[in-house]
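Below is one structure, written out as C-alpha cells; comments come after it.
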Amino acid sequence: MILKKILLTACLSMGVLSTTAFAASEYPSKSIHLTVPFAAGGVTDLTARTFAKQLSDALKQPVIVENRPGAGATIGANHVAKSTPDGYSLLLGTNVTHAITPQMMQKAPYNPLEDFQPIAMFGLNGNVLLVKQDFPANTFEEFLDYIRNSKNELNYASGSIGSSAHLAAELLKIEVKDIQYTHIPFGGPSEAMSALIGGHVDFMFSNIGAAVSQTKSGKVKALAVTTSKRTTELPNVPTIAESGVPGFEVVGWMAAFAPKNTPPATTQKLNALINTSQENPELRKTMDTASVIPVIYTPEETATFVKNEYEKWGNVIHAANIPKM
C-alpha cells in the first residue's frame, strides 16, 4: 500500500513537471505586452520599441509596447506588478521606477524589490555635467573651485524632482566638501536644457544622448561625464571619477521585469533572447545613436544590480533630506 502511494506521488510529480516544461516550451502562444511607464518619445520608448521588434521576430508573436505614464512612472510599473505572472505582461523598468520614486513616496503602490522578477538589462545611459556657455570654468576642477569661492550661490536645473539629473547633483554635493547650490526643477529635460542655454541657471546634469548636439554647437559646455569610463560620444570629456571624485558614478538604466512568480523557464527564455538581441547590428546602431550602453546580465545579476541601485539612491535621498511626495 505504501509502495503504491509512493509510485502515485512520483507519477503526479512527473506530470506536474512535464506540464510545466511543456508550458515553457510553448511560451509564448499569444501577444506579449511590454509596458513603458513614460510618455511616448525619448530613450525609454525608443529602447522598448527597438527591443520589442527583435523579440517579436525571435518569438514569432507580437510584442506590443504600451505607454502608461503618470505618477512618477509608478502607474505603469504598478500595472505590471499586479498583472498575472505568466510572462505576457512585462515592464521596461528604470532607476526611476525601481530605485528612486518608490523611496520618495509616502506610500508606494508596489515594492520594487519584492513585487517583480528581474529578467535582463536593456542598457545604461550616462549623464554629463553641462554649464552655460559663459560660465567662468572650463574644467570640472575649475567648476568646483568656482562654486567654493563664489559669493553668490549657484543654481542648477533638472527635469523633475527625483530624476537622475537631480540626484546626480545631490550626490556630488555629498561626495565633495564645501560646495552648495540650489535645485530648480522644471517640467522636463527639454525645459531644463532651454533654461541652461538661456542662462537662467548655471549648470545641469543631462542625458548624454540629449546633450551631444547642444555641446557640439557650443550652446553649452560639457565638463565631465558621470559614467565610470569616458564615452564614445564625448571622448574628450573626462569622467568625474578621474577628475578628483574617485568612485563617482551615476547612470540611468533600463531593464526588463515581469511580475513576481513568473515561471523561471519563461524568465530564462526572455533573458537569453534579450541578451542575444544586444548583438544585433541593426539594434546596436539604434542604441548607440541614443547613447545606450549594452549590458548583458543574467536575471540574478540584474536583481543584484537593481538592489544595489535601490540602496545607493535611498542613501542619497535620505542624506539630501529630500521630502517625500
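Every read-out reported here was derived from the displayed coordinates using simple, explicitly stated rules and does not represent laboratory data. This structure is a prediction, so every number in the text was calculated from the model and none was measured. All Cβ positions, glycine included, derive from the backbone under ideal geometry; neighbour counts span all protein chains shown.
Tabulated data for the structure shown
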item	result
Estimated FRET transfer efficiency (GLU153, ASN111; beta-carbon r; R0 56 Å; 0.05)	0.90
Segment 126-243 - percent relative contact order, Cα under 8 Å, separation 6 or more	38 percent
Antiparallel bridges, percent of DSSP beta bridges restricted to segment 126-243 (to nearest 5)	55 percent
Residue order, fewest to most beta carbons within 10 Å, for PHE51, PHE203	PHE203, PHE51
Separation between Cα centres of segment 298-325 and segment 117-178, rounded to whole Å	18 Å
Summed side-chain charge close to ALA157 - residues other than ALA157 whose Cβ falls under 11 Å, Lys, Arg +1, Asp, Glu -1	-1
Order of ARG68, ARG148, ARG230 under a 10 Å beta carbon neighbour criterion, fewest first	ARG148, ARG230, ARG68
Simple spin-label estimate for SER194 and GLU301 in nanometres, 7 Å along Cα-Cβ	4.2 nm
Kyte-Doolittle mean at least -1.0 and Cα axial length at least 18 Å: DSSP H helices in the chain	2-26, 42-59, 264-277, 299-319
Residues LYS132, LYS229 arranged by fewest to most Cβ contacts within 10 Å	LYS229, LYS132
Around ALA48: net Lys/Arg minus Asp/Glu count, Cβ-Cβ under 13 Å	+1
Cα-based reach from LYS221 at 18 Å (exclusive), listing lysines while leaving out same-chain residues under 8 positions away	LYS132
The chain: calculated mean residue ellipticity at 222 nm from DSSP helix runs of at least 4, using -39500 (n - 2.57)	-13500 deg cm²/dmol
Relative contact order (%) - the chain, alpha-carbon pairs under 8 angstrom, separation at least six	25 percent
Relative contact order (%) - segment 199-283, alpha-carbon pairs under 8 angstrom, separation at least six	17 percent
Greater than 22 Å apart at Cα, pairs in LYS53/LYS82; LYS53/LYS285; LYS107/LYS177; LYS229/LYS269; LYS30/LYS285	LYS53/LYS82; LYS107/LYS177; LYS229/LYS269; LYS30/LYS285
Per principal axis, descending, Cα span of segment 250-295 in whole Å	35, 26, 11
